[in-house]
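Colleague: Sending over a structure as structure tokens; questions will come in a sec.
The values are calculated or read from the model by the stated rules, or taken from the named source; none is laboratory data. Just so you know, these numbers come straight off a predicted model, no measurement behind them. In this analysis, Cβ positions are derived from the backbone assuming ideal geometry, glycine residues included, and neighbour counts consider all displayed protein chains. The area values use the complete protein model at the heavy-atom level, side chains included, leaving out ligands, DNA and RNA. Shrake-Rupley method; radii C 1.70, N 1.55, O 1.52, S 1.80 Å.
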Amino acid sequence: MLRQLKLTLFAATLLATGALPASADPANTVAFVPQLIGIPYFNAMEEGGKKAAADLGVEFIYSGPVDTNPVDQLQIVQNLIDQGVGAVSVSVLDASTIAPVVEQAKAKGVKLFTSDSDAPDSGRAVYVAQATDQGLGYAIIDEMVERVGEEATVAIVSGEATASNLNAWIGFMQERAKDKYPKLTLLEPQYAGGAADRAAQIATDLMAANPDLKGIIGVASTTCPGVGQAIETAGKIGSVIGTGYCSPNTARSYLKSGSFGYSVLWDPAKLGYLTVWAGKQLIDGKPFEASVQLPGFDSPTTYDPATGILLLGEPAVFTADNVDQFDF
Amino acid sequence: MTARLRQSPTLAILAGLWVLLVAGIALLSPGILTASTLTTILQFSSILALVSLGQALVILAGGAGIDLSVGGIVSLASVLAMMAVSAGLPATLLPLACLGIGLALGLGNGLLVTRLRILPLIATLATFYVFSGSAVALTGGAAQSGVPAAFTPWGRGALAGIPLPFLTLALPLFLVAGVVISATSWGRWLVAMGDNERSARLVGIPVDRARLIVYGLSGLASGAAAFVSLAWLGSARPNIGQNLELTSLTAVLLGGVSIFGGRGGVAGVLAAVLLLVTLQTALLRLNINTVWQVGIVGALLVAVLVADALTTRRR
């Protein structure tokens, strides 16, 4: 019996290890629940959230599932609501990860909202969005024209032909070229699937078939390394400019070698900052204004009352000069 | 009572751990001890409890019995049932569809094990991939929304702080299973064939038929869990059953069921499920990194198994 008790105590000590007292004032706390923890993207959001919490004088809780399991995420959200945290933001895996608790949150006065990934029609207070498809599509074409001029031929290498977000971005690229740069020639998009080596093959073929090619856009993050490698191995650094929607960590070596002129995405640290700022606004009961300039942000954030979307602003452009300031 | 506890040391250990855990929470963060916390714990226990019940029966019946496909069945049953409703099946038949699909998939496992004599570990590992893979393939990975609104009040509701899925489904099934195992001859057959299959065959127990039914029951329990997930989340997730095979196995072993079969009962399994979910909830409330939680559950399993081994050897 004694031994049993000892073991029980041993196990209980294990449970207590690392236990920390809960935060001082739950009502003045903003929580963010990512889709999973331990990846650079969400780590960057956490950093931004911490910074905002320090600036705004609120507590910040960052807690998420270890894999993309909707029930685990729901459990974390549920517990934050039970704790009576002032505002809870969630990068939802899908609507089911907040649908069961929306009513409960309202009853308890907890502001439940989405960030990074939305659950429309769920009754969330606001959606903090990183970028619009239009903004991303326009930005990559504008930046390209700035580097290669208007009279140029540019190729597009995408990932899966069925991916709706990638196709939306391509659609806005084509729209921008047609409306604003009539002399710009965009070649028909080529699809590489999810493989970087296939993207490299396609990019190599495109350069061989179009000697006047000035730029290649790698639409999916998986196609970026392929495009960069192809430009490097073809010895076309300087004459062909590569780019894509890829994170600084993915694009870094290509930006430094010169095969990539720039990369377009958004800054998750800023998104994390904006998320906590939005939570604080909700806790204080302040309405969102149509346009607000936050400290340290390049462009103002905008709010659309019709859709309930708070938009981070213009997409971020990463170049060889600024890429080392980012780690995601 | 003391005599009973001495007979099943795991139950005593689990109860002791649970008391310690609650006392620890009360000390560290008394604000957690509210009725709504209890509701949360039971809500998140419902699916795991149902799946673990089926898993416990399979393991109890011995013959190297194990059902690794439970998570796959939950995913596939919820997705298929939801697709059937979208395709025109009357919404009122949704629960029956979940149960029927679960039962059919479970019986499929049973046939592989009893007719083709494939080792359960291998057979259910294979069907785990088939079931969970099909669920993702059929849906393209997207959640299927549109669960009839009539079901969500049951899935999200509570009576006196006890969630309805737990009160009206999980708890009654555990009671029935407990009675069947201890008070019916069929239940005693299960334990007997788990304990010593050779003697069970010699005394004329229809071992293969009983085992086939047990795998069917495990599928049925997973089908019930699939329905709980639909009524609760309001949509069918193709990966809703993710990790359930391992967590249910953890609950069953933690609950004192011997992996070789023939020893243990369902009461310990329910206690283990509640302990696991309470532990998760407590750690979340104390804002302990979720990465730690996985390790702590593992340490807990080792501690309980070691304690169990020591007490068994002494006897």
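Colleague: Which of rounded, prolate or oblate describes chain A when judged by the alpha-carbon gyration tensor and an a/c cut-off of 1.5? Write out the running numbers ahead of the final one.
Modeller: Working: a/c = 2.47, a/b = 1.78, b/c = 1.38.
Taking the square roots of the gyration eigenvalues as a ≥ b ≥ c, chain A is prolate.
Colleague: Is the shape of chain B best called rounded, prolate or oblate, per the rule: a/c under 1.5 gives rounded, else a/b larger than b/c gives prolate, else oblate, with a ≥ b ≥ c the square roots of the Cα gyration tensor eigenvalues? Working shown, then result.
Modeller: On the way: a/c = 1.71, a/b = 1.04, b/c = 1.65.
Here chain B falls in the oblate category.
Colleague: For the residue pair B:Thr184 and B:Arg117, what label-to-label distance in nm results when each label sits 7 Å from Cα along the Cα-to-beta-carbon direction?
Modeller: 3.0 nm
Colleague: Would you mind checking which residues have amide H under 5 Å from A:Leu213's amide H? H placed 1.01 Å from N; only 5 or more apart, or other chain.
Modeller: Residues meeting the criterion, in which the H sits 1.01 Å from N, do not exist here.
Colleague: Any chance you could check the Cα centroid distance between segment A:141-220 and segment B:183-205 for me, in angstrom?
Modeller: Value for the Cα centre distance between the two parts: 69 Å.
Colleague: Let me ask you something else. Please report the equivalent ellipsoid semi-axes of segment A:83-231, computed as sqrt(5 x eigenvalue) of the Cα gyration tensor, largest first, in whole Å.
Modeller: On the way: eigenvalues 325, 58, 24 Å².
For segment A:83-231, the semi-axes come out at 40, 17, 11 Å.
Colleague: OK, next. In whole Hz and in residue order, list the ³J(HN,Hα) couplings for segment A:239-252 that follow from phi through the Karplus curve 6.51 cos²θ - 1.76 cosθ + 1.60, θ = phi - 60°; x for Gly and Pro.
Modeller: Per-residue couplings from phi come out as 8, 10, 9, x, 7, x, 9, 9, 6, x, 5, 6, 8, 3 Hz.
Colleague: Can you tell me which of A:Val85, A:Val101, A:Val264 moves the most in a GNM of chain A? Springs connect C-alpha atoms under 10 Å apart.
Modeller: A:Val101
Colleague: Which FRET efficiency value, to the nearest 0.05, do you get for B:Ala91 and A:Ile237 by plugging their Cβ-Cβ distance into 1/(1 + (r/R0)^6) with R0 = 41 Å? Please report the intermediate quantities before stating the final value.
Modeller: Values: r = 61 Å, r/R0 = 1.49.
After rounding to 0.05, the efficiency reads 0.10.
Colleague: Which angle between 0 and 90 degrees, to the nearest 10, do you get for helix A:40-56 versus the longest principal axis of chain A when only C-alpha atoms count?
Modeller: 60 degrees
Colleague: I'd like to check one number: the per residue accessible area of segment B:213-315, probe 1.4 Å, reported in Å² as a whole number. Write down the numbers at each step before the final one.
Modeller: Working: 3220 Å² over 103 residues.
Heavy-atom SASA per residue in segment B:213-315 reads 31 Å².
Colleague: If I take every Cα pair under 8 Å that is 6 or more residues apart in chain A, average their sequence separation and divide by the length, what percent do I get for the relative contact order?
Modeller: Working: 635 pairs, mean separation 61.0, N = 328.
Result for chain A is 19 percent.
Colleague: Determine ³J(HN,Hα), in whole Hz, for all residues of segment B:277-287 in sequence, where each value follows from phi through the Karplus function 6.51 cos²θ - 1.76 cosθ + 1.60 and θ = phi - 60°; x replaces Gly and Pro.
Modeller: Along segment B:277-287, the couplings run 6, 4, 4, 4, 4, 4, 5, 5, 5, 7, 6 Hz.
Colleague: Top mean-square fluctuation among B:Leu220, B:Leu121, B:Leu276, Gaussian network model of chain B, C-alpha springs under 10 Å?
Modeller: The residue that fluctuates most here is B:Leu121.
Colleague: Next up: Label points 7 Å out from Cα along the Cβ direction at B:Arg209 and A:Ala320: separation in nm?
Modeller: Each label point is offset 7 Å from its Cα along the Cβ direction, giving 8.0 nm.
Colleague: On C-alpha positions alone, give me the angle between the axis of helix A:70-82 and the longest principal axis of chain A, in degrees, nearest 10.
Modeller: Orientation of helix A:70-82: about 50 degrees from the principal axis.
Colleague: So how far, in whole Å, is the C-alpha centre of segment A:246-298 from the one of segment B:36-59?
Modeller: Taking the Cα centre of segment B:36-59 as reference, the centre of segment A:246-298 is 41 Å away.
Colleague: To the nearest 500 deg cm²/dmol, what mean residue ellipticity at 222 nm is calculated for chain B from DSSP H runs of n ≥ 4 alone, each contributing -39,500 (n - 2.57), summed and divided by the residues?
Modeller: Counting only the DSSP helices, I get -24000 deg cm²/dmol.
Colleague: Now for a separate question. Could you pull out every residue, at least 5 positions away or on a different chain, whose amide H is within less than 5 Å of the one on A:Ala316? Hs are placed 1.01 Å off N in the peptide plane, and Pro or chain starts have none.
Modeller: For A:Ala316, the qualifying residues are A:Leu265, A:Trp266, A:Asp267.
Colleague: Provide a list, ordered by number, of residues in segment B:258-299 showing at least 40 Å² less accessible area with every protein chain present than when their chain is taken on its own, using a 1.4 Å probe.
Modeller: B:Leu284, B:Arg285, B:Leu286, B:Asn287, B:Ile288, B:Thr290, B:Ile296
Colleague: If you roll a 1.4 angstrom probe over the protein chains with everything in place, what fraction of the accessible area of the protein assembly as shown belongs to carbon and sulfur, to the nearest %?
Modeller: Carbon and sulfur: 62 percent of the exposed surface of the protein assembly as shown.
Colleague: Between B:Trp18 and A:Glu146, what is the label-to-label distance in nm when each label sits 7 Å out along the Cα-to-Cβ direction?
Modeller: Distance between the two pseudo-spin positions: 6.3 nm.
Colleague: Here is a further query. Return one number: the angle in degrees, 0 to 90 and rounded to the nearest 10, between the long axis of the Cα atoms of helix A:133-148 and the longest principal axis of the Cα atoms of chain A.
Modeller: 40 degrees
Colleague: Once the Cα atoms of the protein assembly as shown are picked out, what are the Rg and Dmax in Å?
Modeller: For the protein assembly as shown, the Cα-based Rg and Dmax read 28.0, 90 Å.
Colleague: Also, quick follow-up: Quick one: Cα convex hull volume of segment B:56-101, Å³ per residue?
Modeller: Details: hull volume 3.1 nm³, N = 46.
Taking the convex hull of the Cα positions in segment B:56-101, it is 67 Å³ per residue.
Colleague: Let me ask something else. Looking at segment B:219-238, which residues lose a minimum of 50 Å² of accessible area between their chain alone and all protein chains in place, measuring with a 1.4 Å probe and not counting ligands or nucleic acids?
Modeller: In segment B:219-238, residues shielded by partner chains: B:Leu233, B:Arg237.
Colleague: I've got another one for you. Between chains B and A, what is the buried accessible area in Å², counting both sides, with a 1.4 Å probe and ligands, DNA and RNA left out, to the nearest 100?
Modeller: Working: alone 14440 and 15200 Å², together 26140 Å².
For B against A, buried area totals roughly 3500 Å².
Colleague: Here is a follow-up. Starting from the Cα gyration tensor of segment A:208-288, take the square roots of the eigenvalues, sort them a ≥ b ≥ c, and report rounded, prolate or oblate (rounded when a/c is under 1.5, otherwise prolate if a/b is larger than b/c, else oblate).
Modeller: On the way: a/c = 4.31, a/b = 3.41, b/c = 1.26.
Verdict is prolate for segment A:208-288.
Colleague: Next question. Could you pull out every residue, at least 5 positions away or on a different chain, whose amide H is within less than 5 Å of the one on A:Ala31? Hs are placed 1.01 Å off N in the peptide plane, and Pro or chain starts have none.
Modeller: Close amide H contacts, sequence-distant or interchain: A:Ile61, A:Ala87, A:Val88, A:Ser89.
Colleague: Continuing with the same structure: I need the phi-derived Karplus couplings for segment B:143-159: 6.51 cos²θ - 1.76 cosθ + 1.60, θ = phi - 60°, integer Hz, Gly and Pro marked x.
Modeller: Per-residue couplings from phi come out as 5, 9, 8, x, 5, x, 4, 5, 8, 5, x, 6, x, 10, x, 9, 10 Hz.
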